[in-house]
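Every number here is computed from the coordinates shown, using simple stated rules; none is lab data. Nothing here was measured: the structure is a model prediction, and the numbers come from that model. Note: ideal-geometry Cβ built from the backbone for every residue, glycine included; neighbour counts use all protein chains shown.
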Amino acid sequence: MQLDTAWLLAHLPHQGTMCLLERIDDWNPQGIRCTAVSHRAPDNPLRAHGRLGVVCGIEYAVQAMAAHGALLAGADAPPRVGYLASVREVELHVARLDDGDADLSVAAELLGGGDHSVLYRFDVSARGRQLLNGRVTVVLDAASPGKEL
């Protein structure tokens, strides 16, 4: 099974140009590593005023986390809705994502979680140079009727 853009489009809610990842390079139950090239695209939906700020890398990381969740859930599991609840300990090492020609490497490590939330550490880099990193908490199925958090 090839884990490319077609797979991502079939398993994530992010469609069209909002699907920022190009492919999944590696994954296991503890984490995922993806490649992205969309930061160079002039029609990137996160681009503002002709630039793509480094903080947009958080969305790249969250999409990698969503892909990891889809892989962990398995092919027959229905997709779960996730909402970004918290971003902590973010370190921005550059100003922009789009001022280099290298592909982005987006890594996310599952730190913990349960049925209703997950915590990940993330790192976005290019050619081994760290661009941003931090931690994200995602609440799952928060909008589902009858769910208690």
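Odds and ends about this structure:
- Point-to-point label distance, L9-A48, nm (Cα→Cβ direction, 7 Å offset): 2.8 nm
- Three-way shape label, the chain, alpha-carbon gyration tensor, a/c 1.5: prolate
- Segment R96-L72, extension gain: residue separation times 0.36 nm, minus the distance between their alpha carbons: 5.5 nm
- Helix content alone sets the calculated 222 nm mean residue ellipticity of the chain: runs of n ≥ 4 DSSP H residues at -39500 (n - 2.57) each, divided across all residues, give -5000 deg cm²/dmol.
- Proxy reagent accessibility, fewest Cβ within 10 Å first, across I32, I58, I24: I58, I24, I32
- Of the GluC sites (Glu not before Pro) in the range 41-149, the ones in a loop by DSSP (not H, G, I, E or B) with at most 12 other beta carbons within 10 Å are E148.
- Under the criterion of Cα pairs below 8 Å and six or more residues apart, the relative contact order for the range 1-73 equals 31 percent.
- Cα convex hull of the range 1-47, projected area averaged across orientations, nm²: 3.7 nm²
- Positive contributions from Lys and Arg (+1) and negative ones from Asp and Glu (-1), summed over other residues with Cβ under 13 Å from the Cβ of V118, come out at 0.
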